[in-house]
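Below is one structure, written out as C-alpha cells, with a few remarks after it.
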Amino acid sequence: MRRFRGIPPLQYLLGFEAAARLGSFAAAAEELGLTDSAVSHQMRALEERLGQPLFRRIGRR
C-alpha cells in the first residue's frame, strides 16, 4: 500500500484541473504558460505521489 505524501504542490493541482477541463496537456500548457512536457511531468509526478493514474493516455490525435 502506498503512503500518502502530503498535499501536492498547488502548481500540480492547477495543471490537473486545466488538463481535465480542457481535455489535453497541450491545451493546459498553453493556458498556464508552460510547455507540454512541463505539464506532462507534473501529471506523472502527481500520479506517482497519489499512487493512482489520473488520466487515460491515448497518444496524439
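The values are calculated or read from the model by the stated rules, or taken from the named source; none is laboratory data. Note that this is a predicted model, so its numbers are computed, not measured. Don't worry about glycine lacking a Cβ; one is built from the backbone with ideal geometry, like all the others, and counts go over all protein chains shown.
Structure summary
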| read-out | value |
| --- | --- |
| Residues (assigned to a helix (DSSP H, G or I) and either in contact with a Phe, Trp or Tyr (Cβ under 9 Å, 6 or more places away or on another chain) or not hydrophobic (A, V, I, L, M, F, W, C) (or both)) located in the stretch 19-37 | ALA19, ALA20, ARG21, PHE25, ALA28, GLU30, GLU31, ASP36, SER37 |
| Checking ARG56 against (1) on the phi < 0 side of the Ramachandran plot; (2) modelled with pLDDT of 95 or more; (3) not aliphatic (A, V, I, L, M), the condition it does not meet | (2) |
| Residue within the stretch 2-22 that is surrounded by 15 or more Cβ atoms within 10 Å (Cβ to Cβ), of a type in the set (S, T, N, Q) and modelled with pLDDT of 95 or more present | no |
| Residue match in the stretch 23-39 (condition: surrounded by 12 or more Cβ atoms within 10 Å (Cβ to Cβ), touching a residue at least 24 places away in the same chain (Cβ under 8 Å) and of a type outside the set (Asp, Glu)) | yes |
| Residue under evaluation ARG49, criteria (1) modelled with pLDDT under 95; (2) assigned to a helix (DSSP H, G or I); (3) surrounded by fewer than 16 Cβ atoms within 10 Å (Cβ to Cβ), criterion not met | (3) |
